[in-house]
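Quick notes on the structure that follows.
The values are calculated or read from the model by the stated rules, or taken from the named source; none is laboratory data. This is a predicted model, so every value here is computed, not measured. Note that we place each Cβ from the backbone using ideal geometry, even for glycine, and neighbour counts take in every protein chain shown. Remember, those area values only see protein heavy atoms, side chains included, never the ligands or the DNA or RNA. Shrake-Rupley method; radii C 1.70, N 1.55, O 1.52, S 1.80 Å.
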Amino acid sequence: MKKIIFGFIVVLILAVGAGIYYTVSNLDAIVKAAIEQYGSQTTKTAVRVEKVQIKLTEGDGAIHGLTVANPDDFSQKQAFSLGEIGLGIDLQSLKEEPFIINHITVRAPQVFVEINKDKKTNLNELMKNLETGKSAKPGSGQSAAREPRLIIKRLTFEQGRIAAKVTPLSKDYDLKLPSINMANLGGSQGTTPTELTREILKRLTDAALAEIKKKGIDDELDKLKARAQEKIDAEKAKLKDNVDSKIEVEKRKAEEKLKNLLR
């Protein structure tokens, strides 16, 4: 996973990078546009933001209503919807890299997990999009800016929900997303948004899927698969019996013909 993150995380970190590099009066609009543009390019789905409020001189910011659309072939409109993202930047660290983000708090995140009729999971398909959504290489016709090195001292997901739609079982689930707390991301030297988001995605994915497994969805899908295989095996056996019967009938006919010839 190269651009690995559920769209909103990668664009969030890129947005912080944008805030660091572009200290201008219309910073909110720049960050909003950056989130939507780079997020959509990275996830290969529509990323939208309602409002951005960045107070760079105070080291505070908030991003409201960030949503990431589902990949194709899924019925739910969104893969993620966030109520509010709050962040705090260490202003003293802006003199040189690594830049330090004191905290990122994601409040009321909603994760929409969907398993479609082909038993594909939207989060897995989104991760595939992210894997191939790397920034273009030099000479590809797109600019490839160097990623800043960042340190995130604390990142928290709180008061989240998981909405799971399992089409093969015709079931929907409304589950609580446990609080997720991460600390000292990037170590002492810092790392790129790509590397940071790789770690964040894994933690968030594992947490969401673990809650779904607790509800026995995997077991139900395994049972469904086993029943389907039993039907296939039964049809194969029935077909084999029919073929064997026909072969036996033809064999008897041939034997009768041979007897008649020898009389």
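Quick one: ranking 104, 247 by accessible area, 1.4 Å probe, largest first, what do you get?
Working: 104 0, 247 100 Å².
Ranking 104, 247 by accessible area, largest first, yields 247, 104.
List the pairs from 117/236; 51/213; 171/231; 55/215; 77/215; 117/202 whose alpha-carbon separation is above 32 Å, in the order I gave them. Could the numbers behind the result be given before it?
Values: 117/236 24 Å; 51/213 35 Å; 171/231 22 Å; 55/215 42 Å; 77/215 23 Å; 117/202 25 Å.
Long pairs (Cα-Cα over 32 Å): 51/213; 55/215.
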- Query: Calculated FRET efficiency, residue 132 and residue 174, Cβ-Cβ r, R0 35 Å, to nearest 0.05?
  - Reply: 0.65
